[in-house]
Amino acid sequence: MLYYKMSAWADKFKVRNMVRNLTVSTNEVNADIVQVQEHDVRPDTPRPDRLRIGVDMGGVCVHKAATYENDAVEFKDSLNMEGCVDALRLLSDAGHTIVLVSFCGRRRANDTRDMLKREYPKLFDEVYFVKSTKFKHAIAESRGLDVMIDDRLDVLKSMPGVTPIHFIADVPLNLRDKKGSIFEAIDWNAVVTEVGKQRSKRKLVTGHSEKICY
C-alpha cells in the first residue's frame with residue numbers, strides 16, 4: 001500500500017515538473033514571438049543614406065515664382081525648370097523621399113495638384129501647399145525634412161536643423177546670401193551633387209496641422 005502511494009506521489013511530481021518545464025518553454029517561445037512582433041511593427045527608423053527632401057515649386061520647379069504664387073494670374077506652365085523632373089526622379093530612384101512644400105493660393109494649389117496627378121503622378125511622395133511661407137518651417141519639422149530646396153533665403157533660414165539649398169536660377173544677386181553661409185545651387189545638377197553629400201539626422205516624422213495647408 002505504501003509502495004503504491006509513493007509511486008503515485010512520484011508520478012504527480014513528474015507531471016508537475018513536466019507542466020512547469022512546458023510553461024517555461026512556452027513563455028520563452030512567447031517572449032521570442034513578442035520580440036519579433038515588436039520589431040516588425042516598430043516605425044521605420046531613418047537611414048543615414050535615405051533623406052527626406054523638401055522641394056519648393058515656384059522658382060525651383062517652375063520659372064517665375066511671383067507669377068506662380070499669384071492666384072489672380074493665369075499660369076499654365078508645367079514643371080519647366082531645366083533638369084528638375086529628371087533630377088527628382090534620380091533622387092527618388094536613389095531611395096530618397098521627395099516632399100513638395102510650396103506656398104501659393106488655393107486656386108493655384110488645386111491646379112498644381114491636378115497637373116501633378118495628370119503629368120507627374122509619382123514624382124512627389126508627399127504634397128503640401130501652405131497658406132503662408134511662415135508655415136513652411138512647421139511642415140519641415142513635422143515631416144522630418146533633412147534638406148530643403150527653396151529660392152527664398154528667409155524660408156531657408158527659418159528651418160534650423162534642416163540642410164538648406166538655395167536654388168538661385170531665377171534669384172537676382174541682391175537677394176542671394178552675401179555671407180556665403182548657405183549652399184547655392186545654380187541648377188538641378190548642383191542640387192543632386194550637394195544632396196549626395198548629406199546624411200539623415202532627423203527623427204521620425206509626425207503629423208501636421210491641416211489649418212496651415214490647403
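What follows is calculated from the coordinates using simple rules that are stated; it is not laboratory data. Given the structure is predicted, the values throughout are model-derived calculations rather than measurements.
Specify whether the C-alpha gyration tensor of region 52-212 places it in the rounded, prolate or oblate class, a ≥ b ≥ c being the square roots of the eigenvalues: rounded for a/c under 1.5, otherwise prolate if a/b is larger than b/c and oblate if not. Write out the running numbers ahead of the final one.
Numbers: a/c = 1.23, a/b = 1.13, b/c = 1.09.
Rounded.
Using amide H atoms built in the peptide plane, which far-off residues or other-chain residues are under 5 Å from Asp77 H to H?
none
Pull up all non-local amide H partners of Met148: gap of 5 or more, or a different chain, and H-to-H distance under 5 Å with H placed in the peptide plane.
So Met148 has HN proximity to Gly54, Thr163, Ile165.
Over 28 Å between Cα atoms, which of Lys134/Lys179; Lys117/Lys178; Lys131/Lys179 qualify?
Working: Lys134/Lys179 23 Å; Lys117/Lys178 38 Å; Lys131/Lys179 30 Å.
From Lys134/Lys179; Lys117/Lys178; Lys131/Lys179, over 28 Å: Lys117/Lys178; Lys131/Lys179.
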